[in-house]
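Right, one structure below, let's go through it.
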Amino acid sequence: MGWWHENNIRMIQNNTRDIDAAMDVDKWIEELKAFDCNVVMVGVGGITSFFPSKLKYQVVSPYLPQGRDLIGEMIEKCHAAGIRFIGRFDFGRVHEKFYGEHPEWFYRSADGKLLRCADTITTCISSWYQREYSLEIVREAMETYPQMDGIFFNAFGFAGWDYYGNNFGPCHCEGCQRLYRQFSGGLSVPKSDSPKEEGAAIYKDFQRYSIAEALERIHALVKSINPEACLCTYSPDNVDMIRSETNTGIGRPNPIQLMNASDNILAARYTWPDRPLASCIINATDLRWRYTGVSPELNKIRMWETLASGGMLDFCINGIFEGYPDQNSLKEAKEVFNYAAAHERYYGNLESKARVLIVRPEGARPIHDGSAACFGLMKTLKEEHIPFDMMVDTQLEKDPGLAERFDLVIWPDVRTASGKAIAGVKALGKKVMAIHANCPLKEEVATALGVQIASVESDNAGAYVFTREKDIFRHFPQKDWVLLTEDIGFADQTDFTPLLPYVARGEFGPAERAYGTRLTEQGGALVSPDEKTIVLPWAVTALYHKYGYADHKYIIADLIDLYAPEARVLKTDAHPCVELFWDANRDGLLLQAVNLSGFNGMTVEKALPIYGVEVEVPVAARKLTDLHGDGITVVKTTDSSTVLRIAKLDRYAAALIQ
């Protein structure tokens, strides 16, 4: 087992700039120690070499003092301080001076455009530079510094985006066109990233295959030089540690995904349990504004969520600490790092006690779903305090038994689901919820579910679903209609019971003519005869993510409470802004709470204290340890449960239950 499997990592990433080659290493080490950092990530090679490389296609920092061995000094002093050292490499761009000699190395848009930034040009993963020469760069660095503890690759994979957030589409360089023709049996590279492009699905498979193949070669090289070195990047394939990012960006569409750090860890934790997970928390507000951070309170939420979800702390700034313009962010981040260091035995290798599994498709970037349907479902369950795990469907295809410990398995967007995975889960006798079934389903999916969508209604401006079944939809005692927009699918000739009847639109304007809606018997929810399969033929969770109407959340919650009540393993009076976590660790069971009340929809301020939160957990507590000091006490204990009270929840609380 490698050192990284302890998963008690507290990592700082300093994205070193050319000018940092003359940095004061001793001052840097002291700051790392103040963070209780035990792993650091620093630039070594790729765009810039921070040591005197002898390779032709490496550009050594012009600020590296003559005769200085910066990387060797860093590694030696880090190890003396008990800090491991991971070298960062970026092969996604090279100096423009190499373009004249090797124009075939570089990304090309469909119209031949290069991606330039400063004095660099974006390269392509299909080029000789990334496929072959990158290995020589890694080899030189590892043989020069065999004591390096790990390797990280930034911007690994297919290019297309520039630093301004513009997407120029798939690469059409010679290498991509040749390799894709070989992979696809003669197809041409799609002109855009649109899923409607001919061969779009095959191209995504090609991207995933190409990334995995490249990482396989790199992994073999790294392990041949140092079997104890950790390899990580933004992919689960052929790596020792999976990394993602929790970040923001100017110009991104709202809504803000507040629980992004939780999502990043949960998206991979159960799918790839043998690989530790890092969700790098980027302090910068945007790639273009690297020296002013987001709200320190947002950073803290992200750190507490990462820790609570079973990931490792990972915090990134551009440059070094000395002279960094946002010292307040550093000060606030240290609080979480220091806590994690003092309590590291309780975190890292957590075992979820959730009874709900969310299943999502595996694409070219399998760690990130990125869909409104998935985000909306996650937000629903978090606000309803229903713990869950996540998994990609290809894993369930291989082994449906991975769903054995769950009572309810949910596909937030069944349009992209695997019929084989659904059939395997149903064969275990598990309850299934399939959402977003608003188009004719793949035959294998329809067969597995037992229902097919026969027709679709798209003209839904002014349409609704009717909460007719008040005994089921308990959140709607005096509210009958719930907004429906986008497409809804209709299933004909089925033995499924229709709930939430569809109310077809009437006129909606002017006010004097706003009538004429029509109640139908087409269901907004369909329930199988054995009540183990629920199909929602509209985008209910995507609508919740986009617009935030609680009605959409309550529909899902009410269906779960009736058909899968065992999903609620925790009972609580906590406000929806309290994010709860329920896991086992080496010492017992861990209940954690993160207070999100400081978020007003756009800005993240300090959370308002919440007093007297009670949570009933399904275990009889013999001993309770308040890890964070929030006045957590036992209110009541039975043979099978314990009621805990958090006296005052500020930002975070944690209790170890034995």
### Query
Looking at (1) over 24 Å from the mean Cα position of the chain (by Cα); (2) part of a helix (DSSP H, G or I), which is the only condition Ala461 fails?
(2)
### Task
Might you check whether a residue that is open to solvent by 10 Å² or more (accessible area, probe 1.4 Å) and closer than 22 Å to Cys124 by Cβ occurs anywhere in segment 277-291?
yes
### Message
Being open to solvent by less than 10 Å² (accessible area, probe 1.4 Å) and either closer than 30 Å to His219 by Cα or in contact (Cβ under 8 Å) with a residue 24 or more places away in the chain (or both) narrows it down to one residue among Asn328, Asn247, Asn299; which is it?
### Response
Asn299
### Query
Among the residues of segment 544-563 satisfying the criterion of being touching a helix residue (DSSP H, G or I) at 6+ places or on another chain (Cβ under 6 Å) and under 19 Å from Asn600 (Cα atoms), which is most open to solvent (accessible area, probe 1.4 Å)?
Lys546
### Query
Do any strands (runs of 3 or more DSSP E) entirely within segment 543-658 hold 1 or more residues that are in contact with a Pro (Cβ under 6 Å, 6 or more places away or on another chain) and modelled with pLDDT of 95 or more, and if so, which?
578-585, 642-649
### Message
It is to be established whether one or more residues within segment 337-347 are of a type in the set (S, T, N, Q), surrounded by fewer than 21 Cβ atoms within 10 Å (Cβ to Cβ) and at pLDDT below 95.
### Response
no
## Note on the structure
Filtering strands (runs of 3 or more DSSP E) wholly in segment 24-117 for at least 3 residues that are over 18 Å from Ala159 (Cα atoms) and in contact (Cβ under 8 Å) with a residue 40 or more places away in the chain gives 39-46, 84-90
### Message
I need a count of the residues in segment 504-525 that are within 25 Å of Leu559 (Cα to Cα) and either open to solvent by 60 Å² or more (accessible area, probe 1.4 Å) or assigned to a loop (DSSP other than H, G, I, E, B) (or both).
### Response
4
### Task
Please name all residue pairs, on different chains or six or more residues apart, with Cβ atoms under 6 Å, provided the first residue is in segment 164-188 and is aromatic (Phe, Trp, Tyr) and the second residue is open to solvent by less than 70 Å² (accessible area, probe 1.4 Å) and assigned to a helix (DSSP H, G or I).
Tyr180/Phe206; Phe183/Phe206
#### Entry: Single residue of Glu579, Glu531, Glu566 found to be buried (at least 19 other Cβ atoms within 10 Å of the Cβ) and charged (D, E, K, R)
Glu579
## Note on the structure
A careful count of residues in segment 433-449 that are assigned to a loop (DSSP other than H, G, I, E, B) and surrounded by fewer than 18 Cβ atoms within 10 Å (Cβ to Cβ) gives 3
### Message
I'd like to know if segment 487-496 contains one or more residues that are touching a residue at least 24 places away in the same chain (Cβ under 8 Å), of a type in the set (Gly, Ala, Ser) and part of a loop (DSSP other than H, G, I, E, B).
### Response
yes
## Note on the structure
Taking segment 382-404 and keeping only residues that are assigned to a loop (DSSP other than H, G, I, E, B) and either open to solvent by less than 20 Å² (accessible area, probe 1.4 Å) or farther than 19 Å from Thr541 by Cα (or both), one is left with His385, Ile386, Pro387, Asp399, Glu404
### Query
From the list Glu322, Glu305, Glu362, which one is part of a helix (DSSP H, G or I) and out of contact with any Leu (no Cβ under 6 Å at 6 or more places or on another chain)?
Glu305
## Note on the structure
The condition of being over 23 Å from Phe51 (Cα atoms) and either open to solvent by 40 Å² or more (accessible area, probe 1.4 Å) or among the aromatic types (Phe, Trp, Tyr) (or both) holds, among Gly67, Gly100, Gly82, Gly112, only for Gly100
### Query
From the residues in segment 133-151 that are under 30 Å from the mean Cα position of the chain (by Cα) and open to solvent by 10 Å² or more (accessible area, probe 1.4 Å), which one is nearest to Gly46 (Cα to Cα)?
Leu135
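The values are calculated or read from the model by the stated rules, or taken from the named source; none is laboratory data. Keep in mind that this is a model prediction, so the values were computed, not measured. Please note: Cβ atoms are built from the backbone with ideal geometry, for glycine as well, and neighbour counts cover all protein chains shown. In case anyone asks, the SASA skips ligands and DNA or RNA and just uses the protein heavy atoms, side chains included. Shrake-Rupley method; radii C 1.70, N 1.55, O 1.52, S 1.80 Å.
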